[in-house]
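K.L.:
Attaching a single structure in structure tokens format; questions to follow.
The values are calculated or read from the model by the stated rules, or taken from the named source; none is laboratory data. Model, not experiment: these values are computed from the prediction. Glycine gets a Cβ as well: all are built from the backbone with ideal geometry, and neighbour counts include every protein chain shown.
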Amino acid sequence: MAFRLSYFCAMKWMRWLKLAVLLYAGIGIAVYYLQDYFLFHPEPLTKSSPYQFDQPFKELNIPIDAASNLNIIRFLPSSDSSYKSKGAVLYFHGNKKNIRHYAAYAKQFTSRGYEVWMPDYPGFGKSTGELTEERIHSFAVQTYKLARTRFSSDSLVLYGKSMGTGIAARLATASVNKILILETPYYSIHSLFQRYLPIYPISRMIKMEFPTYRYIPMVKAPILIFQGTDDGVVPYSNAVRLEPLLKPADKFIRIEDGSHNDLTKYPLYQKTLDSVLQTNQY
């Protein structure tokens, strides 16, 4: 009797173990094959789709190769063609939709006399091509090269928001610029996945890494980071891991109660941006 009871308990335990293994494998397979779906939420547009913004702008379409087009919107401080901008902010946006979704943020800089050059990533808006980490970086490099034909390196600001922070940080390691500004940055994409899937080998599963932590120590320009303490997308605990990697003169600005998309509403954000862009103090 005791043997039969032990046998049935063992069989029941084995069934639960098999179910756990199947569940583990199923989640892992889903994450691997759907990782681009989790990471990116693009909204493509046709090449002929008209842009309408409530601020002056110019559109650039740069053919990279037969299958790839880089679409950039230049938001201008003034519609007056004789107006001379203080410089340009190369704005690398987050993982949603396209430039239309982020256009309103350009006013933070055009109101301070800067142009904003905002590129879309492959598959976002009118930009086309294969969506890979290297292709995204090549789009960022091309945006910088185009901006350099109009502006000196010391008048270029590299700005990354959310997913764009890793892109801006990498570009800053290979370019000369006035300052690198990161809004709601992550330590790495792998670290964000690991937070939700701690028992999986994320480094082997997730193709895109965007290792911001690796780039920060290589950036020679000043670095300014904005992070809210109530960020539900990139937790403060993840972003603050970048702080020890900063140079002594760099700044990590903690915004109490700030979340992922509202930091521009806080006086501390505005005051700090003024000190960087208007008075040229840092």
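K.L.:
Sort through 257, 231 and tell me the only one that's part of a loop (DSSP other than H, G, I, E, B), surrounded by 13 or more Cβ atoms within 10 Å (Cβ to Cβ) and in contact with a Ser or Thr (Cβ under 8 Å, 6 or more places away or on another chain).
P.N.:
Only one candidate qualifies: 231.
K.L.:
(1) buried (at least 19 other Cβ atoms within 10 Å of the Cβ); (2) closer than 21 Å to residue 276 by Cβ; (3) not hydroxyl-bearing (Ser, Thr, Tyr): which one isn't true of residue 252, the others all being true?
P.N.:
Here residue 252 meets the rest and fails (1).
K.L.:
Something else now. Output the number of the condition that residue 208 fails; it satisfies all remaining conditions of (1) at pLDDT below 95; (2) touching a Gly at 6+ places or on another chain (Cβ under 8 Å).
P.N.:
(2)
K.L.:
Here is a follow-up. Go through segment 82-162 and tell me which helices (runs of 4 or more DSSP H), entirely inside it, have 3 or more residues that are in the same structural domain as residue 63 (by TED's automatic domain parsing) and hydroxyl-bearing (Ser, Thr, Tyr).
P.N.:
Details: elements: 99-102, 107-110, 133-148.
In segment 82-162, the matching helices (runs of 4 or more DSSP H) lie at 133-148.
K.L.:
In segment 175-211, which residues are among the β-branched types (Val, Ile, Thr) and within 21 Å of residue 142 (Cα to Cα)?
P.N.:
Within segment 175-211, 176, 179, 181 qualify.
K.L.:
Considering segment 179-199 alone, what residues qualify as being touching a Phe, Trp or Tyr at 6+ places or on another chain (Cβ under 9 Å) and part of a loop (DSSP other than H, G, I, E, B)?
P.N.:
Result: 184, 185, 186, 187, 188, 199.
Yes or no, residue by residue, for (1) crowded, with 16+ Cβ neighbours inside 10 Å; (2) under 16 Å from the mean Cα position of the chain (by Cα):
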residue: 202; (1), (2): yes, no
residue: 214; (1), (2): yes, yes
residue: 218; (1), (2): no, no
residue: 221; (1), (2): yes, no
residue: 238; (1), (2): yes, yes
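K.L.:
Let me confirm something: among 241, 148, which residue is basic (Lys, Arg) and over 18 Å from residue 252 (Cα atoms)?
P.N.:
After applying the criteria, what remains is 148.
K.L.:
Using the structure shown, decide if residue 242 is within 19 Å of residue 37 (Cα to Cα) and assigned to a helix (DSSP H, G or I).
P.N.:
Judged against the criteria, residue 242 is not a match.
K.L.:
Test each condition in (1) among the hydroxyl-bearing types (Ser, Thr, Tyr); (2) touching an Asp or Glu at 6+ places or on another chain (Cβ under 8 Å); (3) at negative phi for residue 186 and report the one that comes out false.
P.N.:
Status for residue 186: all satisfied but (2).
K.L.:
Taking segment 86-121, which residues are in contact with an Asp or Glu (Cβ under 6 Å, 6 or more places away or on another chain), crowded, with 20+ Cβ neighbours inside 10 Å and not hydrophobic (A, V, I, L, M, F, W, C)?
P.N.:
98 - this is the single residue of segment 86-121 that is in contact with an Asp or Glu (Cβ under 6 Å, 6 or more places away or on another chain), crowded, with 20+ Cβ neighbours inside 10 Å and not hydrophobic (A, V, I, L, M, F, W, C).
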